[in-house]
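> Pasting a structure here, questions to come.
The values are calculated or read from the model by the stated rules, or taken from the named source; none is laboratory data. Predicted, not measured: the structure shown is a model, and the values here were computed from it. Counting neighbours? That spans all protein chains shown, and the Cβs are built from the backbone with ideal geometry, glycine included.
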Amino acid sequence: MKRACVIGWPIEHSRSPLIHGHWLKTYGIDGSYGKVAVRPEDAATFLRSLAANGTVGCNVTVPLKEIAFATADRREASAEAVGAANTVWLEDGRLVVANTDTYGFMTHFARSVPGLDVAGARIAILGAGGAARAIAYGMQEAGASDIAILNRTRERAEALASAFGHPVRAVDWSERTTAATWADVIINTTTIGMKGEGDLGIDFMTAEPTCIVADIVYVPLQTGLLRAATEAGLATVDGLGMLLHQAVPGFERWFGVRPEVTAELRQLIVNDIEGV
Ligand code: ATR
């Protein structure tokens, strides 16, 4: 039996076991996927012992993504771009890492708004953490013409912009209120709106009607940002799809089947979020 897991500190709230457990059942695979609480100081040792513990790989969540990146023997370009890894597997005993958040966001985004060509689009990313880096990388690779990073702490936006280069640039946090008038796509990667807390204060009254608004926060599923955009008649992209799609490459590596993100899987996680 093949065993995989997700590690983090804390880990109780991870929904990855639900996702991978659903796929194991759907495809009739003799495998398991659990969750393991691993302290940051123990993470490198845990990863180094994967093979000895009979584990084929794991997902890594906060605050261990940078440690997984640093511990790896080989890093895929997706991880190099972000400086953090969320997916780990073994190749001939060597620890290999990737960051599938870029894939997860870009795949869900393309499926949600198939009419939008990212090539040439103007993107506003709110936040400058790991998720912002993953999305900026995806948008840069896809040929966006302008990628504005707006962050409360401006230095982090500037660091991200200088690490990526053109067309990524730092824009003042205060400019977010008018983003719907100058960006084709607005993406919230900050924690604002999580569990209904906080408000980004974006004015959608003057928005371009074609502006698309995405949030990576998925609890609640419809954040205050997405609700305001919907009320203004704008197309929205929720955060749950990124979570579902980022899980695909890991499952395929560990269990040998490329799984589908279906409406049934989505409903399973929605029920969990809503406590049904
Ligand atoms: P991750 O790596 O998961 O993307 P992170 O590195 O913790 O997350 O980043 C969280 C983001 O939310 C940051 O951009 C943070 O802004 P700062 O860099 O200024 O800390 C942003 N954020 C969190 N709370 C915020 C708030 N109340 N107002 C504005 N931005 C906030």
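> All but one of (1) surrounded by 22 or more Cβ atoms within 10 Å (Cβ to Cβ); (2) within 13 Å of the ligand (Cβ to nearest atom) hold for F109; which doesn't?
The number of the failed condition is (2).
> Then there's this: Return the residue satisfying two criteria in turn: it lies in the stretch 178-203 and is small (G, A, S) and assigned to a loop (DSSP other than H, G, I, E, B), and of such residues it is nearest to the ligand (Cβ to nearest atom).
It comes out as G198.
> Here's a follow-up. Among the residues of the stretch 130-142, count how many are among the charged types (D, E, K, R) and within 14 Å of the ligand (Cβ to nearest atom).
Of the residues in the stretch 130-142, 1 are among the charged types (D, E, K, R) and within 14 Å of the ligand (Cβ to nearest atom).
> Within the set of pairs 6+ apart or on separate chains, which have a first residue in the stretch 143-171 that is within 13 Å of the ligand (Cβ to nearest atom), a second that is of a type in the set (S, T, Y), and C-beta atoms under 9 Å apart?
Note: pairs meeting the criteria are L150/S174; N151/T190; R152/T190; A170/S162.
> Here is a check on your reading of the model: is G127 at positive phi and within 14 Å of the ligand (Cβ to nearest atom)?
Criteria met by G127.
> Give me the residue from the stretch 20-69 that is charged (D, E, K, R) and out of contact with any Leu (no Cβ under 8 Å at 6 or more places or on another chain) and, out of that set, farthest from the ligand (Cβ to nearest atom).
Out of the qualifying residues, it is D30.
> Say we look at the stretch 262-271 and pick out the residues that are surrounded by 13 or more Cβ atoms within 10 Å (Cβ to Cβ) and in a helix (DSSP H, G or I); which of these is farthest from the chain's Cα centre (by Cα)?
L268
> Could you list, in sequence order, the residues of the stretch 218-237 that are surrounded by 17 or more Cβ atoms within 10 Å (Cβ to Cβ), part of a loop (DSSP other than H, G, I, E, B) and touching a Leu at 6+ places or on another chain (Cβ under 8 Å)?
Matches in the stretch 218-237: Y218 only.
> Here is a follow-up. Of all residues in the stretch 69-92 being of a type outside the set (G, A, S) and assigned to a loop (DSSP other than H, G, I, E, B), which is modelled with the lowest pLDDT?
Top of the filtered list is D92.
> Is it the case that T181 is polar (S, T, N, Q) and within 20 Å of V62 (Cβ to Cβ)?
No.
> Right, next: What about S174, is it among the polar types (S, T, N, Q), surrounded by fewer than 24 Cβ atoms within 10 Å (Cβ to Cβ) and within 16 Å of the ligand (Cβ to nearest atom)?
The answer is yes for S174.
Yes or no, residue by residue, for (1) over 30 Å from A207 (Cα atoms); (2) at pLDDT 95 or above:
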{"position": "G233", "(1), (2)": "no, yes"}
{"position": "V237", "(1), (2)": "no, yes"}
{"position": "G241", "(1), (2)": "no, yes"}
{"position": "V248", "(1), (2)": "yes, yes"}
{"position": "R253", "(1), (2)": "yes, yes"}
{"position": "V261", "(1), (2)": "yes, yes"}
{"position": "E264", "(1), (2)": "yes, yes"}
{"position": "V270", "(1), (2)": "no, yes"}
{"position": "E274", "(1), (2)": "yes, no"}
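> Just checking, how many residues over the stretch 118-158 are assigned to a helix (DSSP H, G or I) and either of a type in the set (S, T, Y) or over 15 Å from D101 (Cβ atoms) (or both)?
Result for the stretch 118-158: 6.
> How do the pairs read when you match residues in the stretch 43-59 that are in a loop (DSSP other than H, G, I, E, B) with residues anywhere that are at pLDDT below 95 and of a type outside the set (D, E, K, R), using Cβ under 6 Å and keeping only pairs 6 or more apart or on different chains?
none
> Hey, another quick one. Take the residues in the stretch 82-106 that are within 13 Å of the ligand (Cβ to nearest atom) and touching a Phe, Trp or Tyr at 6+ places or on another chain (Cβ under 7 Å); name whichever of them is nearest to I212 (Cα to Cα).
The extreme case among them is T102.
> In the stretch 1-35, which residues are assigned to a loop (DSSP other than H, G, I, E, B) and either among the acidic types (D, E) or surrounded by 23 or more Cβ atoms within 10 Å (Cβ to Cβ) (or both)?
E12, D30 - these are the residues of the stretch 1-35 that are assigned to a loop (DSSP other than H, G, I, E, B) and either among the acidic types (D, E) or surrounded by 23 or more Cβ atoms within 10 Å (Cβ to Cβ) (or both).
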